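Take a look at the structure set out below.
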Amino acid sequence: MNKTVLITGANRGVGLALTVAYLEAGWQVFATCRDIANAEELTHRQDVFPNLTIAELDVTDHQAIMHLAQSMESVSLDLLINNAGYYGPKGYGFGNTDAEEWRKVFEINTIAPLKIAEAFYPQLKQGTPGVLACLSSKVGSMAENTSGGGYIYRSSKAALNSVVKSLSNDLLPEGIISIALHPGWVQTEMGGPNALIDSQTSALGLKKVIDNLTPADSGLFMDYQGHYLPW
């Protein structure tokens, strides 16, 4: 029987590359994006892959998350990838932090992954049980922060790592592995043109890491090459 994955923020960048990687591996893929009408690259994949289902979802709309989970009540999830993310403003320095933008980044990067985990917990439990993978970032690591700045995005990912750690303690007794993943510095709209790797390299690396996870990895922080990262 085909394995099944739900991927958020699947219309571009690493999310789209992950979607393609799992489709090509024969998985049943449920992919979400905020606006299907503007997700041509994703919707075109439906012509090639009958195993792709696309759903419109704003990850900050908790009622919409619950509706989607209810509509997928009978689906067993082997994997849930919380990929949807938002960087927020760039180039601001100390003294210029936009509190409204900070709240928005937290809503998307930190609160949404937990609300999605809560909503799809029954489907993950029905899976093998499944894996809950949250795309974090190395800039959320306290140990790695030697340059300062980036208050908004850094803090949202550090908080996400804390969420993943708690999820691992709560869900591992039921066999669900929770992991925080750093996708690398990727050439996307968020990563910019100077980034080191393309989204396909990141996605294939992440998939390999996820494929090889064991319960001992639950609650840890890893990069797309399988290296463990410090908190």
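Determine whether D217 is within 27 Å of Y121 (Cβ to Cβ) and without any contact (Cβ under 8 Å) to a residue 12 or more places away in the chain.
no
Could you list, in sequence order, all residues of the stretch 7-58 that are of a type in the set (V, I, T), closer than 21 Å to G184 by Cβ and open to solvent by 10 Å² or more (accessible area, probe 1.4 Å)?
V14, V20
Which one is nearest to T32 (Cα to Cα), of the residues in the stretch 139-156 that are open to solvent by 10 Å² or more (accessible area, probe 1.4 Å) and assigned to a helix (DSSP H, G or I)?
Y153
Kindly establish whether A119 is at pLDDT 95 or above and crowded, with 19+ Cβ neighbours inside 10 Å.
It is true that A119 is at pLDDT 95 or above and crowded, with 19+ Cβ neighbours inside 10 Å.
Using the structure shown, decide if S136 is surrounded by fewer than 21 Cβ atoms within 10 Å (Cβ to Cβ), of a type in the set (S, T, Y) and in contact (Cβ under 8 Å) with a residue 60 or more places away in the chain.
Against the criterion (surrounded by fewer than 21 Cβ atoms within 10 Å (Cβ to Cβ), of a type in the set (S, T, Y) and in contact (Cβ under 8 Å) with a residue 60 or more places away in the chain), S136 does not qualify.
Of A203, A195, which residue is out of contact with any strand residue (DSSP E or B) (no Cβ under 8 Å at 6 or more places or on another chain) and on the phi < 0 side of the Ramachandran plot?
A203
Go through the stretch 167-186 and give me each residue that's more than 13 Å from V131 (Cα to Cα), touching a helix residue (DSSP H, G or I) at 6+ places or on another chain (Cβ under 7 Å) and in a loop (DSSP other than H, G, I, E, B).
The answer is P183, G184.
Would you confirm whether or not the stretch 215-226 contains a residue that is modelled with pLDDT of 95 or more, in a helix (DSSP H, G or I) and surrounded by 15 or more Cβ atoms within 10 Å (Cβ to Cβ)?
Yes: the stretch 215-226 contains one or more residues that are modelled with pLDDT of 95 or more, in a helix (DSSP H, G or I) and surrounded by 15 or more Cβ atoms within 10 Å (Cβ to Cβ).
Of everything in the stretch 64-92 that's in contact (Cβ under 8 Å) with a residue 24 or more places away in the chain, of a type outside the set (S, T, Y) and open to solvent by 30 Å² or more (accessible area, probe 1.4 Å), which residue is farthest from T32 (Cα to Cα)?
The extreme case among them is P89.
Any residue at all in the stretch 189-196 that's touching a residue at least 60 places away in the same chain (Cβ under 8 Å) and in contact with an Asp or Glu (Cβ under 9 Å, 6 or more places away or on another chain)?
No: the stretch 189-196 contains no residue that is touching a residue at least 60 places away in the same chain (Cβ under 8 Å) and in contact with an Asp or Glu (Cβ under 9 Å, 6 or more places away or on another chain).
Considering only residues that are over 16 Å from D170 (Cα atoms) and of a type in the set (S, T, Y), which ones fall in the stretch 76-132?
S76, Y86, Y87, Y92, T97, T110, T128
Just one of the numbered conditions (1) more than 17 Å from I177 (Cβ to Cβ); (2) surrounded by fewer than 18 Cβ atoms within 10 Å (Cβ to Cβ); (3) β-branched (V, I, T) is not true of T110; which one?
The single condition T110 does not satisfy is (2).
Filter the stretch 198-214 down to the residues that are touching a residue at least 24 places away in the same chain (Cβ under 8 Å) and either open to solvent by 80 Å² or more (accessible area, probe 1.4 Å) or over 24 Å from V29 (Cα atoms) (or both) and list them by number.
Listed by number, the residues that qualify are Q200, L204.
The values are calculated or read from the model by the stated rules, or taken from the named source; none is laboratory data. Being a predicted model, the structure only gives us computed values, none of them experimental. Note: ideal-geometry Cβ built from the backbone for every residue, glycine included; neighbour counts use all protein chains shown. Ligands, DNA and RNA are excluded from the accessible area calculation, which covers all protein heavy atoms including side chains. Shrake-Rupley method; radii C 1.70, N 1.55, O 1.52, S 1.80 Å.
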